[in-house]
Amino acid sequence: MRAVQITEFGGPEVLEVTELPDPVAGPGNLLVDVARAGINYADTHQAENSYLAESTLPMVPGGEVVGTAPDGRRVVSLVGTGGYAEKAVAPEALTWDVPDAVDDVTALGMIVQGASAWVLLRRNVHLAAGESVVVHAAAGGVGTLAVQLAKAWGAGRVIATASSPQKRALALELGADVAVDANEPNMKDALIEANGGRRVDTVLEMTGGTVTDQSMKALAPFGRLAFYGMASREEPSPVRPAALMSHSTTISGMWLAHVFRLPGDVMRTALTELFGLAADGRLRVVGGGEYGLSEVRRAHEDLRARRTSGKLVLDPSR
């Protein structure tokens, strides 16, 4: 089969298209014929071995696929690694049927980005009706869905940040009440101004560095910030517990892998709701571009340079 393989860690230059033997699915796994593989920002960390879970070489990257199971079912799956290929081994416990009304890009957009937005809003910040929510990187895969879900669940004001006029326009089209330039030098004041002069209730943050620091300073008493990425690769300032108490602030982190340790099938609950909203036309995945397997380096370059919006996918047939 054709696949992308990494034999040394680094940037997009380490992604090599090659021929590999078909993988073998052992007990509890399925061999999926991959129609599309999702491209996530986490994949760029996986390639340079800077992700939360350590990578081992050689490796076929790619953590999510949509395709056909051996029994003919159309499925979407979290595979961990191995997704950038014509065939991938998928754990049955992390594989879900895709409704006919949901296309491939939407299915891939929901399994990581959609589920992340769902968990961030439902479990991390516990968004209540009428509250304000800041969605950083609002034109990205998680951001575009978080904006829509926040509006659908009754947020009082959705404040989006994005790095270009086009991306800010997209966030407004998806339902954000106001869009702020992500390059704003004083993010704290910009967020408060965007909220009508009031501090904000909740923040979804995946940038890191000063954006995290400034967002925390913009929180109202009992405000909550959920940290789920560090795209800038810059650490935020250390947080002192006393400072949290003095402002009644809550900070949480989210890594989707931990959802599977929760009691009950939280992932299935999330996907059932997300697929239902998508099938009804109330939630849409913004397609960010489709790349052939041979274009994988460009895909990672575009993602790291913030030239993309929405969900990126890889077509292993070309």
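Scanning the range 124-138 turns up at least one residue that is of a type outside the set (A, V, I, L, M, F, W, C), open to solvent by 10 Å² or more (accessible area, probe 1.4 Å) and under 19 Å from the mean Cα position of the chain (by Cα). Across the range 1-27, the qualifying residues are those that are open to solvent by 50 Å² or more (accessible area, probe 1.4 Å) and not acidic (Asp, Glu), and the one among them that is farthest from ARG74 (Cα to Cα) is PHE9. Here LEU277 meets each of (1) under 23 Å from ALA101 (Cα atoms); (2) at pLDDT 95 or above; (3) surrounded by fewer than 16 Cβ atoms within 10 Å (Cβ to Cβ) with one exception, condition (3).
Of everything listed in (1) acidic (Asp, Glu); (2) open to solvent by 50 Å² or more (accessible area, probe 1.4 Å); (3) within 25 Å of GLY310 (Cα to Cα), the single unmet condition for ASP71 is (3). Cβ-Cβ contacts under 7 Å between residues 6 or more apart (or on different chains), taken from a first residue in the range 233-249 that is under 19 Å from MET187 (Cα atoms) and touching a residue at least 12 places away in the same chain (Cβ under 8 Å) to a second residue that is charged (D, E, K, R) and surrounded by 10 or more Cβ atoms within 10 Å (Cβ to Cβ), are listed as PRO236/ASP213; SER237/ASP213.
Taken over the range 214-257, the residue count meeting the criterion of being open to solvent by 30 Å² or more (accessible area, probe 1.4 Å), under 30 Å from SER77 (Cα atoms), at pLDDT below 95 and not aromatic (Phe, Trp, Tyr) is 4.
Pick from THR144, THR44: which is in contact (Cβ under 8 Å) with a residue 40 or more places away in the chain, surrounded by 24 or more Cβ atoms within 10 Å (Cβ to Cβ) and not aromatic (Phe, Trp, Tyr)?
That would be THR144, the only listed residue that is in contact (Cβ under 8 Å) with a residue 40 or more places away in the chain, surrounded by 24 or more Cβ atoms within 10 Å (Cβ to Cβ) and not aromatic (Phe, Trp, Tyr).
Of all residue pairs spaced 6 or more apart or on separate chains, those with beta-carbon atoms under 6 Å, a first member in the range 185-210 that is surrounded by fewer than 23 Cβ atoms within 10 Å (Cβ to Cβ) and a second member that is of a type outside the set (S, T, N, Q) and assigned to a helix (DSSP H, G or I) are LYS188/LYS217; ARG199/ILE192.
All but one of (1) assigned to a loop (DSSP other than H, G, I, E, B); (2) polar (S, T, N, Q); (3) within 26 Å of ASP302 (Cβ to Cβ) hold for THR18; which doesn't? Failing condition for THR18: (1). Contact map, the range 9-27: residues that are without any contact (Cβ under 8 Å) to a residue 24 or more places away in the chain paired with residues that are of a type in the set (Gly, Ala, Ser) and surrounded by 12 or more Cβ atoms within 10 Å (Cβ to Cβ), Cβ distance under 9 Å, separation 6+ or inter-chain. Pairs shown: THR18/ALA3; GLU19/ALA3.
The values are calculated or read from the model by the stated rules, or taken from the named source; none is laboratory data. Because the structure is a prediction, the values reported are computed rather than measured. A quick note on method: Cβ atoms are made from the backbone with ideal geometry, for glycine too, and the neighbour counts reach across all protein chains shown. Quick note on the areas: whole protein, heavy atoms, side chains included, nothing else; ligands and nucleic acids left out. Shrake-Rupley method; radii C 1.70, N 1.55, O 1.52, S 1.80 Å.
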